[in-house]
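Only one structure is covered here, and it is reproduced in the block below.
Every number in this text was worked out from the coordinates using simple rules, so none of it is lab data. Small disclaimer: the values here were computed from a predicted structure and weren't measured. Methodologically, a virtual Cβ is constructed for each residue, glycine included, from the backbone with ideal geometry; neighbour enumeration extends over all protein chains shown.
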Amino acid sequence: MSEMINVLDKGYFRLVNVMGSDLSVANSARVSYDKESTELSENDARLIRFLAREGHTSPFRHATLQFEMYAPLMVARQHWKYVVGSDHTMDAWNESSRRYITEEPTFYIPQADEWRSAPENSKQGSGEPIVIRHGEMATRDLEDYIAHGEMLYRRAMASGICAEQARLFLPAYGMYVRYYWTASLQSVAHFLNQRLAHDSQVEIQEYAKAVKVLSEPYFPVSIAELTKGAK
């Protein structure tokens, strides 16, 4: 299995593996009565809707999804915050490390029309796009900053400094990192509810949209019921 959606300028979200289905959720709930279905029926869908509505979440932890994500560090760290916030829902996370690899650094660079203004009534988030001339300057400044950091990184490596210290020269927040995220269906829904919200960071919203598109075909009833409040 390898289903992938490109995100941002160089990122992607890839579905690596799936264990279970909507039927798994229904059967996990019915085991208390020593019952089991072999095909998803309307009764099973009705049961899933009941479980989601009443907050009976344990059956949703008997199905799991595994993703590979390639995202700027600022997105990965926001994602990690919600994994930690839902660690009772069974998650695993493994990330590439520049202690061990020295692959070519890749950075997220917004284009001139992608820079956003600070919101008027909040200390976080973003507002409307800024004027193009300021966006053009920001893009050039970021490109120059990244180029200088890469030069210092390569110079440090060439002088014999170890990779785990040389990486200190790389501009961190825009640098792409690759990681595997394995999560229960409940945890995936928790992430979607948090990161599809209109006030979440725009970049991570794009990754959340990819997660929803990749997950829905395998769990159409569960995803619909667990994310009713998400856009």
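For the stretch 1-58, which GluC sites (Glu not before Pro) are in a loop by DSSP, counting at most 12 other Cβ atoms within 10 Å?
In loop regions of the stretch 1-58 (DSSP not H, G, I, E or B), the sparsely surrounded GluC sites (Glu not before Pro) are GLU36, GLU39.
Could you compute the FRET efficiency for GLU104 and ALA224, with r as their C-beta to C-beta distance and R0 at 45 Å, rounded to 0.05?
So the FRET efficiency works out to roughly 0.65.
Size of the dipole of the stretch 112-169 about the Cα centre, Lys and Arg at +1 and Asp and Glu at -1 on the beta carbon, nothing else charged, in debye to 20?
280
What do you get for chymotrypsin sites (Phe, Trp or Tyr not before Pro) in the stretch 147-193 restricted to DSSP loop and a cutoff of at most 12 other Cβ within 10 Å of the site's Cβ?
TYR173
Determine, from the Cβ-Cβ distance of GLU39 and GLU120 and an R0 of 45 Å, the FRET efficiency 1/(1 + (r/R0)^6), rounded to the nearest 0.05.
Taking R0 as 45 Å, the efficiency between GLU39 and GLU120 is 0.25.
Suppose R0 equals 41 Å; then what is the FRET efficiency for ILE132 and ASN17 from their Cβ-Cβ distance, rounded to the nearest 0.05?
0.45
I'd like the Karplus ³J(HN,Hα) series for the stretch 48-60: coefficients 6.51, -1.76, 1.60, θ = phi - 60°, whole numbers in Hz, and an x wherever there's a Gly or Pro.
Those phi angles translate into 4, 4, 5, 4, 5, 5, 8, x, 8, 8, 4, x, 6 Hz.
Could you bin all the Cα-Cα distances of the stretch 112-169 into 5 Å bins starting at 0 and give me the percent of pairs in each, rounded to whole numbers?
4, 19, 15, 12, 12, 11, 12, 9, 4, 1
Quote to one decimal, in nm, the extra length available between ARG46 and SER159 on full extension: 0.36 nm per residue of separation minus the C-alpha distance between them.
So the chain would gain 34.2 nm between ARG46 and SER159.
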